[in-house]
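Comments concern the structure below.
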Amino acid sequence: MNSNENNASRFHSIQALRAFAALYVVIYHARIPLPFFDQSVSEQWMNFQMRGFIGVDIFFVICGFVMAWV
(Lines give C-alpha, C1' and ligand atoms only; values in the text may rest on other atoms or scores of the structure.)
Protein backbone atom coordinates (compact mmCIF):
# COMPACT_ATOMS: atom_id res chain seq x y z
CA MET A 1 0.00 0.00 0.00
CA ASN A 2 1.53 3.29 -1.00
CA SER A 3 1.14 6.56 0.87
CA ASN A 4 -1.57 7.91 -1.49
CA GLU A 5 -3.86 4.98 -0.71
CA ASN A 6 -3.22 5.42 3.00
CA ASN A 7 -4.08 9.15 2.84
CA ALA A 8 -7.21 8.39 0.84
CA SER A 9 -8.46 5.99 3.52
CA ARG A 10 -7.85 8.64 6.16
CA PHE A 11 -9.92 11.13 4.23
CA HIS A 12 -12.77 8.65 3.90
CA SER A 13 -13.09 8.43 7.66
CA ILE A 14 -12.89 12.21 7.99
CA GLN A 15 -15.54 12.60 5.27
CA ALA A 16 -17.79 10.26 7.24
CA LEU A 17 -17.44 12.49 10.31
CA ARG A 18 -18.25 15.49 8.16
CA ALA A 19 -21.36 13.72 6.84
CA PHE A 20 -22.55 13.00 10.39
CA ALA A 21 -22.03 16.65 11.31
CA ALA A 22 -24.04 17.77 8.28
CA LEU A 23 -26.79 15.29 9.14
CA TYR A 24 -26.89 16.68 12.67
CA VAL A 25 -27.51 20.16 11.25
CA VAL A 26 -30.32 18.81 9.06
CA ILE A 27 -31.91 17.16 12.10
CA TYR A 28 -31.62 20.47 13.95
CA HIS A 29 -33.47 22.35 11.22
CA ALA A 30 -36.12 19.67 10.74
CA ARG A 31 -37.10 19.55 14.45
CA ILE A 32 -39.04 16.35 14.02
CA PRO A 33 -41.02 15.31 17.11
CA LEU A 34 -41.25 11.67 18.16
CA PRO A 35 -44.96 11.12 18.86
CA PHE A 36 -44.86 7.35 19.41
CA PHE A 37 -42.44 7.34 22.36
CA ASP A 38 -42.98 8.23 25.98
CA GLN A 39 -42.40 11.74 27.30
CA SER A 40 -38.84 11.18 28.58
CA VAL A 41 -37.60 9.85 25.23
CA SER A 42 -39.26 12.73 23.39
CA GLU A 43 -37.63 15.24 25.73
CA GLN A 44 -34.21 13.65 25.24
CA TRP A 45 -34.70 13.73 21.47
CA MET A 46 -35.67 17.40 21.53
CA ASN A 47 -32.65 18.21 23.73
CA PHE A 48 -30.45 16.40 21.21
CA GLN A 49 -32.01 18.39 18.37
CA MET A 50 -31.57 21.72 20.11
CA ARG A 51 -27.78 21.26 20.10
CA GLY A 52 -27.58 20.85 16.33
CA PHE A 53 -25.63 24.08 15.94
CA ILE A 54 -22.61 22.12 17.21
CA GLY A 55 -22.71 20.21 13.92
CA VAL A 56 -21.86 23.41 12.05
CA ASP A 57 -18.75 23.93 14.18
CA ILE A 58 -17.65 20.33 13.69
CA PHE A 59 -18.30 20.55 9.94
CA PHE A 60 -16.20 23.69 9.50
CA VAL A 61 -13.35 22.41 11.66
CA ILE A 62 -13.15 19.25 9.56
CA CYS A 63 -13.33 21.25 6.31
CA GLY A 64 -10.52 23.49 7.55
CA PHE A 65 -8.40 20.47 8.37
CA VAL A 66 -8.96 18.96 4.93
CA MET A 67 -8.13 22.25 3.19
CA ALA A 68 -4.97 22.68 5.29
CA TRP A 69 -3.91 19.09 4.58
CA VAL A 70 -4.25 19.49 0.83
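The values are calculated or read from the model by the stated rules, or taken from the named source; none is laboratory data. Please read these numbers as outputs of a predicted model, since none were measured by experiment. Here the Cβ positions follow ideal geometry from the backbone for every residue, glycine too, while neighbour counts run over all protein chains shown.
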- Note on the structure: Checked the range 27-53 for anything touching a residue at least 24 places away in the same chain (Cβ under 8 Å) and touching a Phe, Trp or Tyr at 6+ places or on another chain (Cβ under 7 Å); matches are Tyr28, Gly52, Phe53
- Task: Starting from residues that are among the charged types (D, E, K, R) and surrounded by fewer than 12 Cβ atoms within 10 Å (Cβ to Cβ), keep the ones in the range 38-70 and report whichever is farthest from the chain's Cα centre (by Cα).
- Result: Asp38
- Within the range 36-50, is there a residue that is on the phi > 0 side of the Ramachandran plot and either at pLDDT below 75 or touching a helix residue (DSSP H, G or I) at 6+ places or on another chain (Cβ under 9 Å) (or both)? no
